[in-house]
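Engineer: Pasting in a structure now, in structure tokens, and then I'll have a few things to ask.
The values are calculated or read from the model by the stated rules, or taken from the named source; none is laboratory data. In this text the structure is predicted, and so the values were computed from the model without any measurement. We place every Cβ from the backbone using ideal geometry, glycine too, and count neighbours over all the protein chains shown.
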Amino acid sequence: MTSLIRVGILTVSDTSSNKPKADRSGPLLRDTLTAVGWNVVDTAITSDDPKEISKALLKWTDIEELDVIVTTGGTGFGVRDNTPEVVKSLLDKDAPGITHLLMSTSLKYTPFAALSRPVCGVRGKSIILTLPGSPKACKENIECVLDILPHAVELTRGGSGSGLHNKMLQSPEDDSKSHHHHHHHHHPKPHTCTHKSDEVARDNTTGNLSNPLNAPVTRRHRQSPYPMITVEEGNALIQKYTQPLETEIKEVDDKLIGYVIAEKVTAREPVPGYRASIVDGYAVKAQDGPGSYPVVTSSVAGSSDVFTLQSGQISRITTGGMIPDGADAIVMVEDTELQETSDDGKQEKVVKILAQVQVGENVREIGCDTPIGHTIAQEGDIITSVGGEIGVLSSVGIRSISVYRKPRVGVLSTGNEVVDHTNTVNLRPGQIRDSNRPTLLAAISAAGFEAIDLGIVGDHIDDLEQKLKLSLDEVDVLITTGGVSMGEMDLLKPILEQKMGATIHFGRVRMKPGKPTTFATVNSKLVFALPGNPVSANVTFYLFVMPALRKMAGMPNFQLPVMQVKLSHSIKLDSRPEYHRAIGKVQPNQSHITVTSTGVQQSSRILSMVGANCLLKLPASTTEQRQLEAGTFLNAIIIGPPVFNV
């Protein structure tokens, strides 16, 4: 038995070395290897410079003697793609078989894999693999070698590999069983101690737990085979497989609202770009003091005329006007008197200054608001609808910036009984209007993400499989509702596992409502299979999906806010932790939010979501506590703005 495999992951990328958050492949590899029980000892990012790559690898091979080193990036035909050459120069032994396995696996997915140049081999006791920079290709490549690497590690450690040799000599019948078993497992089962949440994820990746498709109803599970996990464990698993999306360049305009900035932004131009007047009045030399002076010129906002003011002169100026050279203060018009006009009475000739001003008074110096080079935005800042961020970017000459791409989110309703809400026909017995899809699409759009309406599909295996595959080609995140419970027509889990090659990370959560909520991944795509009851779908969307979408969009604080609120009435507790829909209000002269239930909390009753702006986190009942009394303070997840009673 091979003890815990020690791994190092090296991302090779000029871009990621400057902006580590742009690295998506490194974290994906780390999560994939951690999920199968390997010990990721270290991760690093280098530029494409050969010396940097070599230095990082030699530290892991010659000093730390890691078992497996995986690089990602720098394997293509680009001018700066040097990873294969660096690795070749370090190897003691080539591993052409592993190299062939990586290449043949990639070619199954795309002919462009032929443009990759993988190199694999051994240095000392370390196995080195070079993978492409694409997250999708990384996942495909690493998964194809997970079964063979433990045996390779045993050999590089000096072992005999007798365990595998004996297995290879087993009877044909046993061998066929073994291959069937592997077909469903995809990953070796690790023999390591783990935290509970890791066990849940790994248990579900080591075999299909769903009902066999096309099996008679008499063979369906009578108890769910999926481990029951807590909401906190579910969220931890989701975040483990969720990473910010790649960056893109966006123009600075109103369409930028809701995006997260992916780079530090500095002012290209000073604000103001010239010495400007703060008030309407007269530009003066402060040392001249009060007295009567000829008005020699005027300066209005937008004028670019250059004039030098001499001692004993003043210049009329408007707010925002450019201050003449030589002037060092502005006297407000209220502190002056008109003494003489032109013959036609249209121009001021002499004005009396009544006030003594100081040097710099009422003057905006160049860059006093925003100096050139000043940091005006940091990575992780959100462009809000208030307008301040767009305003400051525009003011300093920033026309476009790098932001994290927002996820494309598809919503699909399932069920033979579900009818589109816009359908004008009368419902037949057994049919229901689809409220899940329009509700979730509205919530996604309101949160600033791109919502894709994928329609309704019936409970037919082939139709569901085809619709799921087409949908995953179109979106980053797929949300389905219905088909995840224990009924004979609940087909989502078996189709995901048995037809789509998905990994179901959890399929049951200890919560009310939303117990059968399911989270899966298909390659790098996230799939949230939510319950069909409208309230369950809504609540689980806010608990599980919304934080994932916010993280994908690059938001540093991706969890929804939690606040302490005060109950206005008593509430009975359930045997499961409950997320109770409520309306939070701020009363005059109160420093806290007071909450009131939306009424009957049946999971089918969408009326309980009307007006709701928070989900009360109710604990499970105990023999000592069966209800919460009025006046109790408790935590609530905020899903909408509070109501202000003023």
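Engineer: Mind counting the residues in the range 622-646 that are surrounded by fewer than 17 Cβ atoms within 10 Å (Cβ to Cβ) and either among the charged types (D, E, K, R) or assigned to a loop (DSSP other than H, G, I, E, B) (or both)?
Structural biologist: So the answer is 13.
Engineer: Suppose we keep only residues that are surrounded by 14 or more Cβ atoms within 10 Å (Cβ to Cβ) and in contact with a Ser or Thr (Cβ under 9 Å, 6 or more places away or on another chain) within the range 249-263. Which one would you say is nearest to Ile323 (Cα to Cα)?
Structural biologist: Let us first name the residues in the range 249-263 that are surrounded by 14 or more Cβ atoms within 10 Å (Cβ to Cβ), namely 250, 252, 256-263.
With the extra rule that they be in contact with a Ser or Thr (Cβ under 9 Å, 6 or more places away or on another chain), the set shrinks to 250, 252, 257-258, 261-263.
Numbers: Lys250: 36, Val252: 30, Ile257: 36, Gly258: 39, Ile261: 36, Ala262: 38, Glu263: 36 Å.
Of everything passing the filter in the range 249-263, Val252 is nearest to Ile323 (Cα to Cα).
Listed here are the residues, each with its yes/no results for (1) touching a helix residue (DSSP H, G or I) at 6+ places or on another chain (Cβ under 7 Å); (2) of a type in the set (Gly, Ala, Ser); (3) surrounded by 14 or more Cβ atoms within 10 Å (Cβ to Cβ); (4) assigned to a loop (DSSP other than H, G, I, E, B).
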{"site": "Asp343", "(1), (2), (3), (4)": "no, no, no, yes"}
{"site": "Gln358", "(1), (2), (3), (4)": "yes, no, no, yes"}
{"site": "Ile390", "(1), (2), (3), (4)": "yes, no, yes, no"}
{"site": "Ile398", "(1), (2), (3), (4)": "no, no, yes, yes"}
{"site": "Leu412", "(1), (2), (3), (4)": "yes, no, yes, no"}
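Engineer: Still on this structure, please answer the following. Give Gly507, Gly482, Gly487 a once-over and let me know the one that is more than 26 Å from Val409 (Cα to Cα) and at pLDDT below 95. Can you show your working first?
Structural biologist: Working: Gly507 fails: more than 26 Å from Val409 (Cα to Cα); Gly482 fails: more than 26 Å from Val409 (Cα to Cα).
Result of the check over Gly507, Gly482, Gly487: Gly487.
Engineer: Scan Asp476, Asp462 and give me the residue that is touching a Pro at 6+ places or on another chain (Cβ under 6 Å) and among the acidic types (Asp, Glu). Break it down into steps so the answer makes sense when it comes.
Structural biologist: Working: Asp462 fails: touching a Pro at 6+ places or on another chain (Cβ under 6 Å).
On inspection, the qualifying residue turns out to be Asp476.
Engineer: I would also like to ask the following. Only one residue in Asp62, Asp67, Asp42 is acidic (Asp, Glu) and surrounded by 23 or more Cβ atoms within 10 Å (Cβ to Cβ). Which one?
Structural biologist: Numbers: Asp62 fails: surrounded by 23 or more Cβ atoms within 10 Å (Cβ to Cβ); Asp42 fails: surrounded by 23 or more Cβ atoms within 10 Å (Cβ to Cβ).
Being acidic (Asp, Glu) and surrounded by 23 or more Cβ atoms within 10 Å (Cβ to Cβ) holds for just one of Asp62, Asp67, Asp42, which is Asp67.
Engineer: Which members of the range 606-621 meet the condition of being in contact with a Pro (Cβ under 8 Å, 6 or more places away or on another chain), assigned to a loop (DSSP other than H, G, I, E, B) and aliphatic (A, V, I, L, M)?
Structural biologist: Scanning the range 606-621 gives a single hit, Ala620.
Engineer: Please find, among Ser603, Ser591, the residue that is surrounded by fewer than 22 Cβ atoms within 10 Å (Cβ to Cβ), in a loop (DSSP other than H, G, I, E, B), under 31 Å from the mean Cα position of the chain (by Cα) and hydroxyl-bearing (Ser, Thr, Tyr). Reasoning before the result, please.
Structural biologist: Values: Ser591 fails: under 31 Å from the mean Cα position of the chain (by Cα).
So the residue among Ser603, Ser591 that is surrounded by fewer than 22 Cβ atoms within 10 Å (Cβ to Cβ), in a loop (DSSP other than H, G, I, E, B), under 31 Å from the mean Cα position of the chain (by Cα) and hydroxyl-bearing (Ser, Thr, Tyr) is Ser603.
Engineer: Same structure, new question: Where in the range 280-333 are there strands (runs of 3 or more DSSP E), lying wholly inside it, with at least 2 residues that are over 50 Å from the mean Cα position of the chain (by Cα) and of a type in the set (S, T, N, Q)? Show your work before the answer.
Structural biologist: On the way: elements: 281-284, 291-299, 314-317, 329-332.
By residue number, 291-299.
Engineer: How about the range 558-588: which of its residues are among the small types (Gly, Ala, Ser), assigned to a strand (DSSP E or B) and surrounded by fewer than 19 Cβ atoms within 10 Å (Cβ to Cβ)?
Structural biologist: Going through the range 558-588, the residues among the small types (Gly, Ala, Ser) turn out to be 568, 570, 575, 582, 584.
Add one more test, that the residue is assigned to a strand (DSSP E or B), and what stays is 582, 584.
Within the range 558-588, no residue meets the criteria.
Engineer: Hey, can you tell me all the residues within the range 604-646 that are modelled with pLDDT under 90 and small (Gly, Ala, Ser)?
Structural biologist: The answer is Ser604, and nothing else.
Engineer: Listed residues Ser603, Ser621, Ser608, Ser597; which is closer than 17 Å to Ile571 by Cβ, among the polar types (S, T, N, Q) and touching an Asp or Glu at 6+ places or on another chain (Cβ under 7 Å)?
Structural biologist: Working: Ser603 fails: touching an Asp or Glu at 6+ places or on another chain (Cβ under 7 Å); Ser608 fails: touching an Asp or Glu at 6+ places or on another chain (Cβ under 7 Å); Ser597 fails: touching an Asp or Glu at 6+ places or on another chain (Cβ under 7 Å).
Within the list Ser603, Ser621, Ser608, Ser597, the selection yields Ser621.
Engineer: Can you confirm whether Val41 is of a type in the set (Val, Ile, Thr) and touching a strand residue (DSSP E or B) at 6+ places or on another chain (Cβ under 6 Å)? Walk me through how you get there before you give the answer.
Structural biologist: Working: of a type in the set (Val, Ile, Thr): yes; touching a strand residue (DSSP E or B) at 6+ places or on another chain (Cβ under 6 Å): yes.
In short, yes.
Engineer: Which of the numbered conditions does Gln243 fail, given that it passes all the others? Conditions: (1) buried (at least 19 other Cβ atoms within 10 Å of the Cβ); (2) outside any loop (DSSP other than H, G, I, E, B); (3) at pLDDT below 95.
Structural biologist: Among (1) buried (at least 19 other Cβ atoms within 10 Å of the Cβ); (2) outside any loop (DSSP other than H, G, I, E, B); (3) at pLDDT below 95, the lone unmet condition for Gln243 is (2).
Engineer: To continue, here is another question. Given the structure, is Lys21 modelled with pLDDT of 90 or more, of a type in the set (Lys, Arg) and not assigned by TED's automatic domain parsing to the domain that holds Glu263?
Structural biologist: Details: modelled with pLDDT of 90 or more: no; of a type in the set (Lys, Arg): yes; not assigned by TED's automatic domain parsing to the domain that holds Glu263: yes.
No.
Engineer: Got at least one residue in the range 534-557 being in a strand (DSSP E or B), buried (at least 24 other Cβ atoms within 10 Å of the Cβ), in the same structural domain as Ala443 (by TED's automatic domain parsing) and under 26 Å from the mean Cα position of the chain (by Cα)? I'd like the intermediate steps shown before the answer.
Structural biologist: Just the residues of the range 534-557 that are in a strand (DSSP E or B), to begin with: none.
Checked the range 534-557: no residue is in a strand (DSSP E or B), buried (at least 24 other Cβ atoms within 10 Å of the Cβ), in the same structural domain as Ala443 (by TED's automatic domain parsing) and under 26 Å from the mean Cα position of the chain (by Cα).
Engineer: Within the range 364-383, can you find the residues that are touching a strand residue (DSSP E or B) at 6+ places or on another chain (Cβ under 6 Å) and either on the phi > 0 side of the Ramachandran plot or part of a strand (DSSP E or B) (or both)?
Structural biologist: Arg364, Thr370, Gly373, Thr375, Ile376, Ala377, Ile382
Engineer: Residue check, Gly387 against (1) touching a residue at least 24 places away in the same chain (Cβ under 8 Å); (2) under 30 Å from Gly554 (Cβ atoms); (3) not assigned by TED's automatic domain parsing to the domain that holds Leu491, all met but one. Which one?
Structural biologist: For Gly387, the exception is condition (1).
Engineer: Quick check on the range 508-533: of everything there that is among the small types (Gly, Ala, Ser) and not in a strand (DSSP E or B), which residue is farthest from the chain's Cα centre (by Cα)? Before the answer, list the steps.
Structural biologist: If we filter the range 508-533 for residues that are among the small types (Gly, Ala, Ser), which is where we start, we get 514, 520, 524, 529, 532.
Now restrict to residues that are not in a strand (DSSP E or B): 514, 524, 532.
On the way: Gly514: 23, Ser524: 13, Gly532: 26 Å.
Of everything passing the filter in the range 508-533, Gly532 is farthest from the chain's Cα centre (by Cα).
Engineer: Let me ask you something else. Six or more apart or on different chains, Cβ under 6 Å: which pairs go from a residue in the range 30-42 that's in contact (Cβ under 8 Å) with a residue 40 or more places away in the chain to one that's of a type outside the set (Lys, Arg) and in a helix (DSSP H, G or I)? Could you list them?
Structural biologist: Once the first residue is in contact (Cβ under 8 Å) with a residue 40 or more places away in the chain and sits in the range 30-42, its partners that are of a type outside the set (Lys, Arg) and in a helix (DSSP H, G or I) give Thr32/Ile142; Ala35/Ala201.
Engineer: Could I ask something else about it? Scan the range 492-518 for residues that are of a type in the set (A, V, I, L, M, F, W, C), touching a residue at least 60 places away in the same chain (Cβ under 8 Å) and farther than 29 Å from Glu578 by Cα and report the count.
Structural biologist: Total satisfying the criteria: 1.
Engineer: Return the pair list, or none, for Cβ contacts closer than 8 Å from residues in the range 355-366 that are over 10 Å from Val284 (Cα atoms) to residues that are surrounded by 13 or more Cβ atoms within 10 Å (Cβ to Cβ) and of a type in the set (Ser, Thr, Tyr), at least 6 apart or on different chains.
Structural biologist: Asn362/Ser277; Val363/Ser277; Arg364/Ser277; Ile366/Tyr274
Residue-by-condition table, conditions (1) under 32 Å from the mean Cα position of the chain (by Cα); (2) outside the structural domain of Ser25 (by TED's automatic domain parsing); (3) assigned to a loop (DSSP other than H, G, I, E, B); (4) of a type in the set (Ser, Thr, Tyr):
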residue: Asp81; (1), (2), (3), (4): yes, no, yes, no
residue: Thr105; (1), (2), (3), (4): yes, no, no, yes
residue: Lys108; (1), (2), (3), (4): yes, no, no, no
residue: Cys138; (1), (2), (3), (4): yes, no, no, no
residue: Pro150; (1), (2), (3), (4): no, no, no, no
